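Take a look at the structure below.
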């Protein structure tokens with residue numbers, strides 16, 4: 001993979017020009033993407049901006065995020081060839097930080113259930129996950145150092161785990177979702193993929209102009225609460241092992257580690273996620289569902305058919321359950337600095353029929369808290385398995401610092 005931090009160091013020292021760094025990514029895309037299929041379209045005549053902390057950094061944009069210079073097709077034939085008038089604000093934030101947009105990355109249709117054709121670079125017989133399949137795969141394959149994705153259920157953290165890259169789903173609305181195709185306005189969150197946690201921190205700091213997110217002194221003895229989310233069902237052996245290894249390694253590195261049982265209020269909030277998501281999806285996708293029904297992707301259409309009877313009163317109660325869960329979670333963070341849990345149920349499923357299960361991600365999306373995937377172990381078939389580091393809402397700097405502690409401990413191991 002390409003380290004964003006190392007590229008920045010070389011560009012700042014004059015060892016590498018921004019244009020040369022961009023050219024390396026373009027060459028890697030030319031060499032690898034015919035097989036992996038991470039990109040759905042490419043930009044032409046890409047150059048480095050020559051200024052800004054992300055100069056020389058090639059970025060892929062998930063194809064539900066508006067770009068003025070490239071089509072935004074949302075993985076659906078309904079929007080084939082559609083060209084927005086303007087860049088989404090988050091794309092402009094990247095450009096203002098000096099980044100160069102090299103193309104649009106593949107997404108499941110409308111960032112939902114219907115898979116893209118992208119292959120997992122770690123094992124092409126397995127899914128890269130979704131819905132941010134192309135973004136995760138492009139970074140994992142070493143094509144680009146940075147990519148944008150989105151998460152409504154588990155669409156940043158899960159594909160990061162399956163592809164073996166670092167990723168952050170920041171605190172809700174740290175990155176704007178204006179100009180991003182809406183699925184659920186309560187849940188949709190823009191996130192980042194990169195090679196390592198330091199790369200995420202540098203990129204997120206540059207995009208948001210928040211210096212407090214830059215890598216600082218390592219946490220010496222973080223208080224870690226390990227949660228298994230028993231209400232979400234049992235994980236596969238590979239994820240259980242990844243969590244055990246990460247927790248044990250963190251403890252040997254000096255962390256205070258203990259198991260925490262999540263209260264019933266959070267189990268109820270976990271159940272409320274789908275009600276919120278699907279009720280809002282019916283409104284966000286009303287035009288497509290009502291006027292383009294036959295052209296809708298089949299799995300999404302079937303889910304909308306199944307859930308069209310959700311009542312406003314059920315939605316209101318689900319939102320109240322989410323608020324109760326957020327208060328309960330706040331009390332937990334009075335006792336620990338971070339939570340450590342599964343990033344996915346197991347390794348990437350075989351084939352492309354499914355992008356995997358969101359059951360270990362959706363609670364944290366609903367809570368709006370920052371989540372970071374840290375690659376932890378390699379299972380059979382060369383498939384990576386990650387762990388998820390979670391911090392209090394708004395403490396994205398703390399989430400990144402805690403994730404770096406875990407990452408560094410695992411690297412020493």
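The values are calculated or read from the model by the stated rules, or taken from the named source; none is laboratory data. Just so it is clear, the model here is predicted, and its values are computed rather than measured. All Cβ positions, even for glycine, are placed from backbone atoms using ideal geometry, and neighbour counts span all protein chains on display.
For the reader, a short list of remarks on this structure follows.
Residues are listed down the side, and each one gets a yes or a no for (1) surrounded by 21 or more Cβ atoms within 10 Å (Cβ to Cβ); (2) at pLDDT 95 or above; (3) more than 24 Å from the chain's Cα centre (by Cα):
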residue: 192; (1), (2), (3): yes, yes, no
residue: 213; (1), (2), (3): yes, yes, no
residue: 237; (1), (2), (3): no, yes, no
residue: 246; (1), (2), (3): yes, yes, no
residue: 254; (1), (2), (3): no, yes, yes
residue: 258; (1), (2), (3): no, yes, yes
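- Counted residues, segment 119-132 - those being in contact with a strand residue (DSSP E or B) (Cβ under 8 Å, 6 or more places away or on another chain) and crowded, with 24+ Cβ neighbours inside 10 Å: 4
- Top-ranked residue of segment 8-18 - restricted to ones that are out of contact with any strand residue (DSSP E or B) (no Cβ under 9 Å at 6 or more places or on another chain) and assigned to a helix (DSSP H, G or I), ranked as surrounded by the most Cβ atoms within 10 Å (Cβ to Cβ): 8
- Across segment 19-57, the number of residues qualifying as part of a loop (DSSP other than H, G, I, E, B), on the phi < 0 side of the Ramachandran plot and free of Cβ contacts under 8 Å to residues at least 60 places away in the same chain comes to 7.
- Residue count, segment 46-70 (criterion: surrounded by fewer than 17 Cβ atoms within 10 Å (Cβ to Cβ) and closer than 22 Å to residue 114 by Cβ): 0
- Filtering 17, 49 for residues that are modelled with pLDDT under 95 and more than 23 Å from residue 130 (Cα to Cα) leaves a single hit, 49.
- The one condition in (1) in a loop (DSSP other than H, G, I, E, B); (2) under 8 Å from the mean Cα position of the chain (by Cα); (3) under 16 Å from residue 201 (Cα atoms) that residue 155 fails to fulfil: (3)
- Residue check: residue 258 meets all listed conditions (1) out of contact with any strand residue (DSSP E or B) (no Cβ under 7 Å at 6 or more places or on another chain); (2) under 21 Å from residue 360 (Cβ atoms) but one, namely (1).
- Selection within segment 331-350 - more than 21 Å from the chain's Cα centre (by Cα) and either touching a residue at least 40 places away in the same chain (Cβ under 8 Å) or crowded, with 17+ Cβ neighbours inside 10 Å (or both): 332, 333, 335, 336, 337
- Qualifying residue in segment 369-379 (condition: out of contact with any strand residue (DSSP E or B) (no Cβ under 6 Å at 6 or more places or on another chain), part of a helix (DSSP H, G or I) and either in the same structural domain as residue 108 (by TED's automatic domain parsing) or farther than 17 Å from residue 131 by Cα (or both)): no
- The sole residue among 328, 281 that is assigned to a helix (DSSP H, G or I), surrounded by fewer than 19 Cβ atoms within 10 Å (Cβ to Cβ), at pLDDT 95 or above and not assigned by TED's automatic domain parsing to the domain that holds residue 77 is 328.
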